[in-house]
Each structure stands twice: as structure tokens, then as C-alpha cells.
Amino acid sequence: MARSLSQNDVSVDDENMTRIRAEVTRRIKNLGRQGKVKDAIKELANMARMGVQPDTLSATALVDACVKSNKIEMAENVFDELFGELLVPDEVAFMVLIRGYGDEYPPRWTSIATMLSTMEHTYGIVPTVLTFNTLLEVCSKTNDEERGVEIIDRMQDAGVVPNDMSFEAVRQRKSLRSMLKKLM
């Protein structure tokens with residue numbers, strides 16, 4: 001006798017999908033730390049073949065794996081492919097790619113500005129302290145105090161209060177630290 005699908009059967013499937021996504025995301029992160037981007041991509045593809053679609057966390061983990069392996073063009077392609085029509089990015093997904101642009105020498109400020117604009121205007125994501133900390137970190141690493149001052153001014157205009165990570169991002173830059181203190 002055939003059994004009809006009950007509500008419990010659906011939730012078990014949802015639980016399994018959640019578990020599979022978490023496991024795959026964990027493997028992608030590990031592969032990214034090891035510089036094995038192609039294997040990380042295969043993990044995501046295998047998950048999709050199993051009928052489990054990626055979520056924002058697994059997609060972000062794959063973008064991060066590309067960034068950590070200094071494959072910024074691949075990171076852009078993965079971001080565009082997964083977040084184009086399939087998924088909606090969150091602020092963390094944007095910051096991963098922006099951090100990759102900032103790690104290049106010189107930082108790709110035009111690409112960073114484009115991503116920030118897309119984040120705000122296309123997806124309606126308002127920059128939080130996470131966004132500003134990422135930008136300040138890039139400025140600090142590259143000794144770009146002038147741009148750091150501009151970012152702190154934008155932070156103040158947006159009413160964003162710095163946190164401990166803000167001060168950590170600029171710990172090497174006394175002038176930027178003192179400006180941040182004024183926002184407290």
C-alpha cells in the first residue's frame with residue numbers, strides 16, 4: 001500500500017538538507033584554507049547533484065575559498081553565478097569579495113565601490129559596522145589614511161558606531177584610531 005507524504009516527512013527532508021548544506025559548507029571552508037578551490041567547487045556541484053540547492057552560507061564559503069586562494073576572477077564569477085539569480089547575497093557575502101579586492105596590490109577601489117553600490121542599491125543592504133571595518137582594514141593595510149578618514153566620515157554620517165573590531169582594523173594607524181574614538 002502506498003504511503004502518502006506527511007508533514008513529518010517534509011521536515012525530515014528539510015532537516016537532511018540543512019545537515020547536508022552545513023557539512024558541505026564546512027568542507028568548502030576547509031578546502032579553501034588548503035587552497036583547493038577546484039575541489040571546493042566540486043563539493044558545491046555534488047551537493048546540487050544530490051538535489052540540495054546551495055544556500056547563502058555555502059555560496060559565500062565558496063567565494064571565500066576563491067579569495068583565499070588569490071583567485072579573485074574566479075571569486076567574481078562564482079559570486080555572479082550563484083548570487084545573480086539563484087540566491088540573495090547578504091552583507092557577509094559582499095564583504096568576502098570586497099576583502100579580496102582589498103587584498104590585491106594596489107587595492108581595486110573601483111571594484112570595491114561598484115560592489116558597495118550593488119549591495120546598497122540593488123539588494124537594499126545598508127552598510128553596517130562590518131562593511132566599514134572591512135574598508136578600514138584595507139586602508140590600514142595599505143597606509144591609505146586619506147581614504148580611511150573618508151570612510152570614518154561616511155561611518156559618522158550613517159550613524160554607525162565603531163566596535164572593538166573597528167579599532168582592531170586600524171590599530172596600526174593612530175590618527176584613524178583617534179577619529180574612531182570621537183564617534184563613540
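The values are calculated or read from the model by the stated rules, or taken from the named source; none is laboratory data. As the structure is a prediction and not an experimental result, all values here were calculated from the model. Cβ sites come from the backbone with ideal geometry, for glycine too, and all protein chains shown count toward neighbours. Accessible surface is based on the protein model in full, side chains and every heavy atom, while ligands, DNA and RNA are left aside. Shrake-Rupley method; radii C 1.70, N 1.55, O 1.52, S 1.80 Å.
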**Request:** Please give the per residue accessible area of the chain, computed with a probe of 1.4 Å over protein heavy atoms only, in Å².
**Result:** 59 Å²
**Prompt:** Over the Cα atoms of region 39-124, what is the Rg over Rh ratio if Rh follows Kirkwood?
**Reply:** 0.98
**Message:** How long are the semi-axes of the equivalent ellipsoid of region 11-155, taking √(5λ) for every eigenvalue λ of the Cα gyration tensor, in whole Å from largest down?
**Reply:** 30, 17, 12
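Could you work out what % of the accessible surface of region 11-67 is carbon and sulfur, using a 1.4 angstrom probe and leaving DNA, RNA and ligands out of the count? Each step should come with its number before you reach the end.
Details: 1590 of 3110 Å².
Summing carbon and sulfur atoms, their accessible area is 51 percent of the total for region 11-67.
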**Request:** Enter the accessible area of I125 (Å², nearest 10), with the probe set to 1.4 Å and all protein chains included.
**Result:** 30 Å²
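Seen from all sides and averaged, what is the projected area of the convex hull of the Cα atoms in region 82-156, in nm²?
For region 82-156, averaging the hull's shadow over all directions gives 4.8 nm².
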**Fill in**
Projected onto the charge dipole of region 55-184 (unit charges on the beta-carbon of Lys, Arg, Asp and Glu, signs +1, +1, -1, -1), the Cα from Y105, P162, F79 with the largest positive-side position is that of P162
**Message:** With just the Cα atoms defining each centre, how far is region 35-63 from region 130-155? Give it in Å.
**Reply:** 32 Å
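Over region 122-184, what per residue volume does the convex hull of the Cα atoms give, in whole Å³? Please list the in-between numbers first.
Details: hull volume 4.9 nm³, N = 63.
Output value, Cα hull per residue: 79 Å³.
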**Accessible surface, 1.4 Å probe, highest first, among residues K71, K181** = K181, K71
